[in-house]
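**Q** Before I ask anything, here is the structure I am working with.
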Amino acid sequence: MKVVKRFFDSNRQHFVEGGRFASLYALFEAIETIFFAPDTVTRTSPNVRDSLDVKRFMTLVIVALLPHYAFGVYNVGYQSHLASGVSTSLLPVILTGLSAVVPMVIVTYVVGLAWEVLFAAVRKHEISEGLFVSCALFPLTLPPTIPLWQVALGISFGVVIGKEIFGGTGRNFLNPALTARAFLYFAYPAQSSGDAIWTLLRDGRSAPVDTFTGATPLSLAASTGSDQTVAGQLAEAGFSNGDLFLGLYPGSIGGTSTLLALAGAAFLVILGIANYRIIVGGMLGVVLTGGMINLLAGPQAAAFLHLNPLHHLTIGGVMFGLAYMATDPVSATHMPGAKWVFGFMIGMLTVVIRVFNPAFPEGVGLAIIFMNVFAPLLDHLEVQLRLRRRIPNI
Amino acid sequence: MKHLQLPKGFNFALQGRPEEEIDILGRPDRVGLLPEQIAFVKPRLLVRPGDPVRIGSPLIEDKRNPAIKFPSPGGGRVAEINFGPRRVIKEVVIELDEQEDAVTFDALTADQLDQIDRQDLVQRIIDSGLWALLRRLPYRDVAPVDRTPPAILVNLDNKQPFMPAPSLYLEGRTDLFEYGLAVLNKLAQGRVFVGTAASQGALLESLRELVTHVYTGAYPADDPGVLVYRTKRKPADNHAWYIQGQDLLMLAHLLKTGQYATRRVYALGGACVSRPMHLGARLGAPLAQLMDGRLDSGYAGDRRCIQGGVLTGFATPPSSYMGLFETALTLVPEGNVKGAFLGFVRPGFDRPTYSRTFLSRLNRSNLKMDCNKNGGDRACIACFACADVCPVDILVHFTYKAVLADEIEDALRHGLLDCVECGLCSYVCPSKIELMETLKQARAELQKEQI
Ligand code: SF4
Ligand code: SF4
């Protein structure tokens with residue numbers, strides 16, 4: 001610890017005004033403050049300030065995401081071994097998972113940080129920790145087969161277009177990680193859709209073994225004919241309700257586990273970082289919309305319309321999206337009432353997109369981005385309502 | 001007596017709460033006046049170094065309104081006048097002599113007070129140099145002499161760490177207090193409100209029907225601005241005046257006896273004080289006298305001497321003097337040291353916070369707080385904490401943005417003038433944005449325009 005301190009103290013000179021690497025000061029500051037909080041004191045009242053800062057706030061989101069990484073590594077490896085017909089014992093599975101996930105994470109962070117440092121240097125501000133959260137979220141939304149250059153391109157788009165051109169963290173109105181994901185979806189549909197992308201094949205195989213269906217629960221649900229039930233199809237494909245809840249099925253790296261997303265959501269809500277109104281509102285939106293569709297659907301309608309609404313929460317990434325993406329405080333609505341509406345609409349749109357638009361099997365990402373756009377309007381309405389109740393003081 | 005339940009705000013559990021006991025200090029060699037710290041007054045000096053002064057001789061006047069003068073807290077000789085950058089007058093220091101002559105006035109008995117014309121009373125207060133103790137909402141500037149307020153509020157306690165306990169400074173002085181209220185009644189033509197916390201049991205017992213509002217709630221429940229916000233019915237109510245409990249006693253003493261009161265009760269607290277307690281000392285007493293022998297000798301780092309509470313107060317060097325309105329001296333570590341290794345992921349059992357992100361939320365004991373900012377400056381992350389904590393329901397981050405964009409109309413609609421300058425928004429902000437300071441400056445600009 002003393003050594004670390006000495007290292008920073010002796011190298012600071014190179015990064016301050018006039019030093020050789022003065023333009024990299026933001027990076028130096030970011031790294032140093034990871035180890036030691038700065039010694040800056042208040043200059044104006046209030047003389048004392050809360051212990052919470054943005055670094056801790058954002059770090060706690062990353063902490064909540066770590067179980068998703070652990071599970072994602074396992075699931076990627078597990079599905080890959082199943083599809084390739086090799087042993088599914090723990091250690092090899094984890095190694096396979098790591099070999100897929102770790103490079104993606106590294107690429108995301110290196111590229112994302114490079115852009116952030118560049119903008120920080122030009123704008124002369126400190127590196128915002130929001131970036132680290134975006135970079136932690138992005139790989140979790142990706143299929144494990146995605147080429148690394150697309151990862152790099154995606155995060156570049158997310159950081160630059162989703163955030164920096166609006167002025168950086170705090171001024172962006174879209175969620176950067178989702179912007180990145182959506183960009184890849186539309187720019188490279190080949191690597192972003194179809195069943196094959198969700199499972200990594202090993203040993204040079206070009207097709208999975210016959211016993212492995214490879215379809216994600218969502219695509220199964222969407223393709224179920226009106227003479228069958230989705231639940232039956234899922235059971236036939238070998239997805240028990242337990243597997244679905246746990247997330248043990250082919251899908252994005254981190255988005256499959258409803259259980260972990262619920263746990264993470266609870267963790268963040270208890271700490272006061274994620275807002276429960278958005279999450280609960282979103283779950284209500286999913287379940288009520290699913291239920292409505294059940295009621296309205298005629299007997300001839302596609303089986304997906306008759307799916308038990310609770311199932312909508314366990315298949316696909318809706319819970320992950322609600323817990324971590326929709327609750328990004330900057331791009332979500334700010335007002336308490338608007339948060340309910342915002343969450344509810346996301347849940348509703350997700351189900352509608354899923355059920356009625358077969359081109360997008362997973363709708364949660366689009367639903368969130370769509371609602372991000374409307375968030376300022378919702379806020380504006382609630383703010384005006386509230387201001388009307390004030391006794392003027394002018 | 002009305003009960004008010006104030007839903008918002010925050011209570012600080014800070015180390016160094018002053019005990020409810022009092023030490024009486026002797027006469028210091030020097031006393032001082034801090035013109036720089038008298039808000040909304042542009043001081044003009046009326047004395048020069050070496051001039052003899054009496055207790056009550058005017059030392060400065062307000063350039064904008066020369067009727068408003070500020071009396072000397074001691075008798076003797078002007079020893080020094082200290083200026084800061086751009087020639088702001090920081091301190092006027094008086095060296096006390098033995099006999100300490102004083103300016104005196106005719107005493108005004110309670111009966112005479114009953115009879116006196118309001119305008120004559122106003123003139124008496126102005127002549128005494130104590131008019132500036134009366135302040136006006138929403139700006140908190142000196143009350144305008146030519147107007148009748150919709151109400152005058154008296155605030156007795158203050159939950160900010162750490163202000164003097166009203167039971168101590170009111171002890172045995174209820175009569176004087178009552179006389180003071182009669183003065184205010186004359187000024188406000190009957191609309192005088194006295195508020196105190198429901199937790200002040202003994203005080204309520206002794207003041208009884210003198211108290212009009214009892215509230216429960218966290219800091220700054222006791223602020224006059226909060227009281228106005230929670231009780232106002234129409235826009236005119238916004239312009240109520242207020243006066244602090246001890247200042248009212250000072251004013252009452254002068255009118256009743258014709259002599260200046262030169263002592264008050266100070267609260268000395270904070271983590272750097274070995275025995276936090278109350279002190280009876282001179283107005284404008286040197287900080288050194290208050291701190292003498294009471295500092296925690298085990299602490300070797302820098303300290304900050306804060307007058308007026310850790311949230312709304314200002315820092316002064318230890319060589320300075322207590323300001324005219326100030327009743328509290330709080331000593332906390334400066335905090336100009338680097339944080340603990342990897343502090344941002346530690347559970348933080350001893351880190352004070354409003355949020356729920358530290359285990360200290362489970363810790364019931366009083367915690368140590370220093371003046372470190374506890375984080376770097378970041379853009380707003382819309383966590384909504386500032387709006388949640390604001391005692392007068394301002395959506396602070398929206399208001400802040402409106403002020404920065406120079407959309408003052410919008411900021412006013414958001415309640416910019418309702419802001420009570422409690423500092424809680426800046427305190428809770430994880431992005432360390434100077435919210436209160438920004439709003440305060442915008443308010444000061446508005447005040448200038450109004451005059
Ligand atoms: S805006 Fe800030 S300083 Fe003003 S009353 Fe609200 S919390 Fe206090
Ligand atoms: S507390 Fe700070 S970061 Fe949070 S909403 Fe208010 S201004 Fe923004």
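Values in this text are rule-based calculations from the coordinates and carry no lab data. All values reported here derive from a predicted model rather than from experimental measurement. Methodologically, a virtual Cβ is constructed for each residue, glycine included, from the backbone with ideal geometry; neighbour enumeration extends over all protein chains shown.
**Q** Please report how far the C-alpha centroid of segment B:434-451 lies from that of segment A:6-26, rounded to the nearest whole angstrom.
**A** A separation of 38 Å, based on Cα centres.
**Q** For segment B:141-248, what does the alpha-carbon gyration tensor say about shape, rounded, prolate or oblate, given a ≥ b ≥ c as the root eigenvalues, a/c under 1.5 as rounded, and a/b over b/c as prolate? Walk me through the numbers before you get to the answer.
**A** Working: a/c = 1.77, a/b = 1.27, b/c = 1.39.
Oblate.
**Q** Then there's this: Using r as the Cβ-Cβ distance of B:ARG54 and A:VAL4, and R0 as 60 Å, what FRET efficiency do you calculate, to the nearest 0.05?
**A** Numbers: r = 62 Å, r/R0 = 1.03.
That gives a FRET efficiency of 0.45.
**Q** Another question, if that's okay. Just want the ordering: A:ASP210, B:ASP157, A:ASP53, from fewest to most Cβ atoms lying within 10 Å of their own Cβ. Please report the intermediate quantities before stating the final value.
**A** Details: A:ASP210 7, B:ASP157 20, A:ASP53 28.
Listing A:ASP210, B:ASP157, A:ASP53 from fewest to most nearby Cβ atoms yields A:ASP210, B:ASP157, A:ASP53.
**Q** While we're looking at this one, here's another question. Compute the helix-to-body angle for A:176-187: its Cα long axis versus the longest principal axis of chain A, expressed 0 to 90° and rounded to tens.
**A** Rounded to the nearest ten degrees, it is 50.
**Q** Here is a further query. Against the empirical 2.2 N^0.38 Å scaling, what ratio does the C-alpha Rg of segment A:160-200 come to? Don't skip to the answer; put the middle values down first.
**A** Working: Rg = 13.2 Å, N = 41, 2.2 N^0.38 = 9.0 Å.
Against the empirical 2.2 N^0.38 Å value, I get 1.46 for segment A:160-200.
**Q** Compute the separation of the alpha-carbon centres of segment A:189-209 and segment A:368-394 and state it in Å as a whole number.
**A** 46
**Q** Quick one: if you stick a label point 7 Å off each Cα along the C-beta vector at A:ARG389 and B:GLN450, how many nm between them?
**A** Going by the 7 Å Cα→Cβ label model, 2.6 nm.
**Q** For the Cα atoms of chain A, what angle does the longest principal axis make with the long axis of helix A:364-388, in degrees from 0 to 90, nearest 10?
**A** Long axis of A:364-388 versus the principal axis of chain A: about 60 degrees.
**Q** So, one more: Collect residues whose amide H, placed 1.01 Å from N in the peptide plane, falls under 5 Å from the amide H of B:ARG263; neighbours closer than 5 in sequence don't count.
**A** Amide H neighbours of B:ARG263: B:LEU283.
**Q** Under 5 Å between amide hydrogens, which residues at least 5 positions from B:ILE60 or on another chain qualify, with H placed 1.01 Å from N in the peptide plane?
**A** The answer is B:LEU46, B:PHE70.
**Q** For chain B, with the dipole built from +1 on Lys and Arg beta-carbon atoms and -1 on Asp and Glu ones, taken about the Cα centre, which of B:VAL103, B:THR327, B:MET436 lies farthest toward the positive end?
**A** The residue sitting farthest along the positive end of the dipole is B:MET436.
**Q** Could I ask something else about it? List the trypsin sites (Lys or Arg not before Pro) within segment A:364-394 that DSSP assigns to loop and that have no more than 13 neighbouring Cβ atoms inside 10 Å. Walk me through the intermediate numbers first.
**A** Working: sites: A:ARG386, A:ARG388, A:ARG389, A:ARG390; in loops: A:ARG389, A:ARG390.
Answer by residue number: A:ARG389.
**Q** When a footprinting reagent is the concern and you count Cβ atoms within 10 Å, what order do B:MET291, B:MET163, A:MET348 take, fewest first? Working shown, then result.
**A** Values: B:MET291 18, B:MET163 27, A:MET348 21.
Ordered from fewest to most neighbouring Cβ atoms within 10 Å, B:MET291, B:MET163, A:MET348 come out as B:MET291, A:MET348, B:MET163.
**Q** Against the longest principal axis of chain B, how steep is helix B:118-128, in degrees 0 to 90 to the nearest 10, with axes from Cα atoms?
**A** The angle comes out at about 80 degrees.
**Q** Rounded to the nearest 500, what is the protein assembly as shown's calculated 222 nm mean residue ellipticity when only DSSP H runs of at least 4 contribute -39500 (n - 2.57) each, over all residues? Before the final figure, lay out the partial values.
**A** Values: 28 runs with 339 residues, N = 845.
Calculated mean residue ellipticity at 222 nm is -12500 deg cm²/dmol.
**Q** Give me the extension gain from B:VAL345 to B:ASP377: residue separation times 0.36 nm, minus the current Cα-Cα distance, reported in nm with one decimal. Please report the intermediate quantities before stating the final value.
**A** Values: separation 32, 0.36 × 32 = 11.52 nm, distance 1.87 nm.
Full extension from B:VAL345 to B:ASP377 adds 9.6 nm.
**Q** For chain A, rounded, prolate or oblate, judged on the Cα gyration tensor with a ≥ b ≥ c (square roots of eigenvalues), a/c < 1.5 rounded, else prolate if a/b > b/c? Present the calculation step by step, with values, prior to reporting the outcome.
**A** On the way: a/c = 2.25, a/b = 1.33, b/c = 1.68.
Note, shape of chain A comes out oblate.
**Q** Also, quick follow-up: If you average the sequence gap of Cα pairs under 8 Å that are 6 or more apart and divide by the length of segment A:121-269, what percent do you get for the contact order?
**A** Once normalised by length, the contact order is 23 percent.
**Q** Considering chain B, what Rg and Dmax in Å follow from its alpha-carbon atoms?
**A** In Å, with Rg to one decimal and Dmax whole: 21.8, 70.
**Q** Ordered by residue, what ³J(HN,Hα) values in Hz, to whole numbers, does segment B:328-345 give under the Karplus form 6.51 cos²θ - 1.76 cosθ + 1.60, where θ = phi - 60° and Gly and Pro are x?
**A** So the Karplus estimates, Gly and Pro as x, are 9, 10, 10, 10, 10, x, 5, x, 7, 10, 6, x, 5, 4, 6, x, 6, 10 Hz.
**Q** Here is a further query. Can you find, among A:TYR324, A:ALA302, A:PHE374, the residue farthest towards the positive end of the dipole of segment A:216-388? Put +1 on the C-beta of Lys and Arg, -1 on that of Asp and Glu.
**A** The Cα lying farthest towards the positive end belongs to A:PHE374.
**Q** Out of all Cα-Cα pairs in segment A:54-196, roughly what percent, to the nearest whole number, are more than 26 Å apart?
**A** 27
**Q** Sort the following peptides by mean Cβ neighbour count (other Cβ atoms within 10 Å, averaged over residues), highest first: B:221-230, B:185-194, B:294-303.
**A** On the way: B:221-230: 24.1, B:185-194: 17.8, B:294-303: 13.1.
Going from most to least packed, we get B:221-230, B:185-194, B:294-303.
**Q** May I ask you to compute the full-extension gain from A:ILE106 to A:ILE165, defined as 0.36 nm times their residue separation minus their alpha-carbon distance, rounded to one decimal in nm? Walk me through the numbers before you get to the answer.
**A** Working: separation 59, 0.36 × 59 = 21.24 nm, distance 2.39 nm.
Separation in residues times 0.36 nm, less the Cα-Cα distance, equals 18.8 nm.
**Q** Scale the Cα Rg of segment A:216-388 by the rule-of-thumb value 2.2 N^0.38 Å and send over the ratio, two decimals.
**A** On the way: Rg = 16.4 Å, N = 173, 2.2 N^0.38 = 15.6 Å.
Normalised Cα radius of gyration, segment A:216-388: 1.05.
**Q** In whole angstrom, note down how far apart the Cα centers of segment B:333-369 and segment A:60-137 are.
**A** Each part reduced to its Cα centre gives a spacing of 30 Å.
**Q** Averaging sequence separations of C-alpha pairs under 8 Å and six or more residues apart, then dividing by the length of chain B, give the relative contact order as a whole percent.
**A** This gives 19 percent for chain B.
**Q** State whether segment B:16-168 is rounded, prolate or oblate according to the following rule on the C-alpha gyration tensor (a ≥ b ≥ c being the square roots of its eigenvalues): a/c under 1.5 gives rounded; otherwise a/b larger than b/c gives prolate, and the remaining case gives oblate. Could the numbers behind the result be given before it?
**A** Details: a/c = 1.31, a/b = 1.14, b/c = 1.15.
It comes out rounded by the Cα gyration axes.
**Q** Something else about it: Across segment B:304-310, in residue order, what do the Karplus-derived ³J(HN,Hα) couplings come to in whole Hz, using 6.51 cos²θ - 1.76 cosθ + 1.60 with θ = phi - 60° and x for Gly and Pro?
**A** 10, 9, 10, 9, x, x, 5
**Q** Next question. What nm value, rounded to one decimal, do you get for the distance between B:GLU437 and B:SER365 when each label is placed 7 Å out toward the C-beta?
**A** Roughly 3.3 nm, to one decimal.
**Q** Let me ask something else about it. Can you list the residues, at least 5 places off or on another chain, whose amide H is less than 5 Å from the amide H of B:ASP23, using H built in the peptide plane?
**A** B:HIS278, B:LEU279, B:GLY280
**Q** Per residue of A:366-379, count partner chain C-beta atoms within 10 Å of its C-beta, then hand back the mean as an integer.
**A** Working: counts 0, 0, 0, 0, 0, 0, 0, 0, 0, 1, 0, 0, 0, 3.
Mean number of neighbouring Cβ atoms from other chains: 0.
**Q** Something else: With labels modelled as points extended 7 Å from the Cα through the Cβ direction, what inter-label distance (nm, one decimal) is found for B:ASN65 paired with A:HIS380?
**A** Computed distance between label sites B:ASN65 and A:HIS380 equals 4.1 nm.
**Q** With 55 Å as the cut-off, how large is the P(r) tail for the protein assembly as shown, expressed as percent of Cα-Cα pairs?
**A** Details: 88476 of 356590 pairs.
When every Cα pair of the protein assembly as shown is considered, 25 percent fall beyond 55 Å.
**Q** Let's test the formula: R0 of 35 Å, r as the Cβ-Cβ distance of B:GLU100 and B:ARG44. What FRET efficiency results, to the nearest 0.05?
**A** Rounded to the nearest 0.05, the efficiency is 0.90.
**Q** Bin width 5 Å, origin at 0, all Cα-Cα pairs of segment B:274-386: what percent of pairs per bin?
**A** 2, 9, 16, 19, 18, 14, 10, 8, 3, 0
**Q** Quick check on the exposure proxy: order B:ILE433, A:ILE278, B:ILE60, A:ILE106 from fewest to most C-beta atoms within 10 angstrom. Don't jump to the answer; show the numbers that get you there.
**A** Values: B:ILE433 21, A:ILE278 31, B:ILE60 24, A:ILE106 13.
Arranged by neighbour count, lowest to highest, B:ILE433, A:ILE278, B:ILE60, A:ILE106 become A:ILE106, B:ILE433, B:ILE60, A:ILE278.
**Q** Can you list the equivalent-ellipsoid semi-axes of segment A:159-257, largest first and in whole Å, using the square root of 5 times each Cα gyration tensor eigenvalue?
**A** Numbers: eigenvalues 214, 59, 34 Å².
Working from the Cα gyration tensor, I get semi-axes of 33, 17, 13 Å.
**Q** Further question: Over segment A:54-196, what is the mean sequence separation of C-alpha contacts under 8 Å (at least six apart), divided by residue count, expressed as relative contact order in percent? Before the final figure, lay out the partial values.
**A** Details: 152 pairs, mean separation 31.4, N = 143.
Relative contact order here is 22 percent.
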